[in-house]
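Asker: Encoded as structure tokens, here's the structure I'll be asking about.
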Amino acid sequence: MNVREFFKNKTVRLVLLGVSALLLLILVYFVFFRQDSAAYTATEQEKRLSVLLEEIEGVKSATVMITEKEGAPVSAVVIFEGEDGILTRTRLMEVAASALSLRTRDILVYPAG
């Protein structure tokens, strides 16, 4: 059987079109809709700093993410639950900056929610 004759058959063309559409749908799913199963896990340093920040008055819980460059902290983000006020944010910023040996302007502090 010749290849041209094989593709002249309508059933073969419909099956190939269906398989192609299915493969395209699977590709679109994996590219746009699949969630990464690997969730971010905090480093030991981030966990230790979170525990330290939770000791500050008015802070119920704190989550820290530290950005590093060549193994040294460059900046950090602190998200906390508790009293939201300038005093609480300043305390969090100063403690985190001191613990990481960073400038306070390199620490960003936000309330959760």
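Every read-out reported here was derived from the displayed coordinates using simple, explicitly stated rules and does not represent laboratory data. What you are looking at is a predicted structure, and each value in this text was computed from that prediction instead of being measured. Because the Cβ atoms are built from the backbone with ideal geometry, glycine has one as well, and the counts that use them run over all protein chains shown.
Asker: If Ala112 satisfies every condition in (1) buried (at least 16 other Cβ atoms within 10 Å of the Cβ); (2) in contact with a Gly (Cβ under 9 Å, 6 or more places away or on another chain) but one, which is the exception?
Answerer: (1) is the only condition that Ala112 fails.
Asker: While we're on this one: Quick one: which strands (runs of 3 or more DSSP E) sit completely within the chain and have at least 3 residues that are free of Cβ contacts under 8 Å to residues at least 24 places away in the same chain?
Answerer: Because the criterion is at least 3 residues that are free of Cβ contacts under 8 Å to residues at least 24 places away in the same chain, the strands (runs of 3 or more DSSP E) in the chain that meet it are 59-69.
Asker: Here's another thing I want to ask about it. Determine, yes or no, whether Lys60 is under 18 Å from Ala112 (Cβ atoms), surrounded by fewer than 11 Cβ atoms within 10 Å (Cβ to Cβ) and not aromatic (Phe, Trp, Tyr).
Answerer: Yes.
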